[in-house]
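Report on one structure; see the data block that follows.
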Amino acid sequence: MARADDTATDAPQPRRRLHRLRRALRARRERIRANPTLNTTYRVGLGAFGTLVLIIGIIAIPYPGPGWLIVFAGLGILATEFHWAHQVNVFTKRHYRRWSNWVSRQHWTVKLGIAALTGVIVIVTLWLLGMYATIGRWLGVDWPWLASPLFGT
């Protein structure tokens, strides 16, 4: 009869798997680093991808959802190759925590005001992007004030 301990020793432990994966990724990165052209291409590609994720996160900050998480992910991607990104990530996380702690200590009216400001930002952004005019056209409503001042739609 097999014991539960026997199956645990047959399969690799999650930490061992993670350790092996990290070791393999480091070895692969070192092989890339050994080729100057490939290293430059890798860094440019990773920098472009990390910057794109960071920009999407910054755009998403005022909206409900994971805006700050996306920002930290973008900085984390960049920090794998660029030391400055690591420093910015640490700085940003520290001030994000300070902001979160400050908001949590505030009276409910301040929290409501912050939520209202967030709602206004979302409403104005949707208007600037022409979403109200688009939905108005779908519903057969043609009010001039629905049109975006940026796109005129």
With label points set 7 Å from each Cα along the Cα-to-Cβ direction at Met131 and Trp99, the distance between them in nm comes to 2.0 nm
Checking Leu129, Leu69, Leu78 against a Gaussian network model of the chain (alpha-carbon springs below 10 Å), the top fluctuating residue turns out to be Leu129
Rounded to one decimal in nm, the spacing of the 7 Å Cα→Cβ label points at Ile55 and Arg22 is 3.3 nm
Segment 31-74 scanned against label point 7 Å out from Phe151 along Cα→C-beta; backbone N under 20 Å for 56-64
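Give the carbon-plus-sulfur fraction of the accessible surface of the chain in %, rounded to a whole number; probe 1.4 Å, heavy atoms of protein chains only.
Numbers: 7940 of 11730 Å².
Taking all protein chains in place, the chain shows 68 percent carbon and sulfur surface.
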Options (i) 20.4; (ii) 18.4; (iii) 16.3 for Kirkwood radius over Cα pairs in Å; the value derived from the coordinates is listed as (i)
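Counting helices only, and only those DSSP H runs with n ≥ 4, report the 222 nm mean residue ellipticity of the chain as the sum of -39,500 (n - 2.57) divided by its residues, in deg cm²/dmol to the nearest 500.
Working: 7 runs with 119 residues, N = 153.
Roughly -26000 deg cm²/dmol at 222 nm, from the helical runs in the chain.
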One finds, for Ala115 and Arg33 with R0 = 30 angstrom and r their Cβ-Cβ distance, a FRET efficiency to the nearest 0.05 of 0.05
Here the gain from full extension of Ile123 to Tyr42, 0.36 nm per residue of separation minus their alpha-carbon distance, amounts to 25.2 nm
From most to least accessible, 1.4 Å probe, no ligand or DNA/RNA atoms counted, Leu21, Leu146, Leu139 line up as Leu139, Leu21, Leu146
With +1 at each Lys and Arg Cβ and -1 at each Asp and Glu Cβ, the charge dipole magnitude of the chain around its Cα centre, to the nearest 20 debye, comes out at 900 debye
Over the chain, with neighbouring protein chains present, the accessible area per residue in Å² at probe 1.4 Å is 77 Å²
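Once whole DSSP H runs in the chain are found, which of them have Cα atoms spread over 20 Å or more along the helix axis and a mean Kyte-Doolittle score of at least 0.5?
What comes out of the filter, once short or polar helices are dropped, is 36-60, 108-128.
The values are calculated or read from the model by the stated rules, or taken from the named source; none is laboratory data. Quick caveat: nothing in here was measured; it's all calculated off a predicted structure. All Cβ positions, even for glycine, are placed from backbone atoms using ideal geometry, and neighbour counts span all protein chains on display. Surface areas here come from the heavy atoms of the whole protein model, side chains and all, with no ligands, DNA or RNA. Shrake-Rupley method; radii C 1.70, N 1.55, O 1.52, S 1.80 Å.
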